[in-house]
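Quick notes on the structure that follows.
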Amino acid sequence: MATTVSTADARKHFADLVNKVAYSNESVILTRRGEKIAALVSIEELELLHRLEDFMDIEDAKKALAEPEENIPAEEFWAKLGL
């Protein structure tokens, strides 16, 4: 369960919030004027999110390569985009 804290309170209690995230693996959601704007998460959670994103990218690439359409080299594709 995540704790929700305003950015004003987060400034006052930053060290405590960092310790809470780092040592209890609890996330902290930061709000401004009642709207969620950011989150503090442990490094383990961040690394997991990155691994999940990488896995999804790899799966998407595999699907794209398996499509019957003609594949073109990346350099050719980038040239078509003007990159």
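Tabulated values for the structure
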{"item": "Any chance Ser27 is touching a Phe, Trp or Tyr at 6+ places or on another chain (Cβ under 9 Å) and surrounded by 10 or more Cβ atoms within 10 Å (Cβ to Cβ)", "result": "no"}
{"item": "Any hit, segment 6-20, residues being surrounded by 11 or more Cβ atoms within 10 Å (Cβ to Cβ), among the hydroxyl-bearing types (Ser, Thr, Tyr) and assigned to a helix (DSSP H, G or I)", "result": "yes"}
{"item": "Subset of segment 66-83 [in a helix (DSSP H, G or I) and under 29 Å from the mean Cα position of the chain (by Cα)]", "result": "Ala66, Ala74, Glu75, Phe77, Trp78, Leu81"}
{"item": "Selection count where residues are in contact (Cβ under 8 Å) with a residue 12 or more places away in the chain and closer than 20 Å to Leu49 by Cα, scope segment 6-34", "result": "10"}
{"item": "The listed residue being surrounded by fewer than 12 Cβ atoms within 10 Å (Cβ to Cβ), of a type outside the set (A, V, I, L, M) and part of a helix (DSSP H, G or I), out of Lys36, Lys63", "result": "Lys63"}
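Read-outs: derived from the displayed coordinates by stated rules, not from any lab. Just so it is clear, the model here is predicted, and its values are computed rather than measured. When we count neighbours, we look across all protein chains shown, and the Cβ atoms used for this are built from the backbone with ideal geometry, even at glycine.
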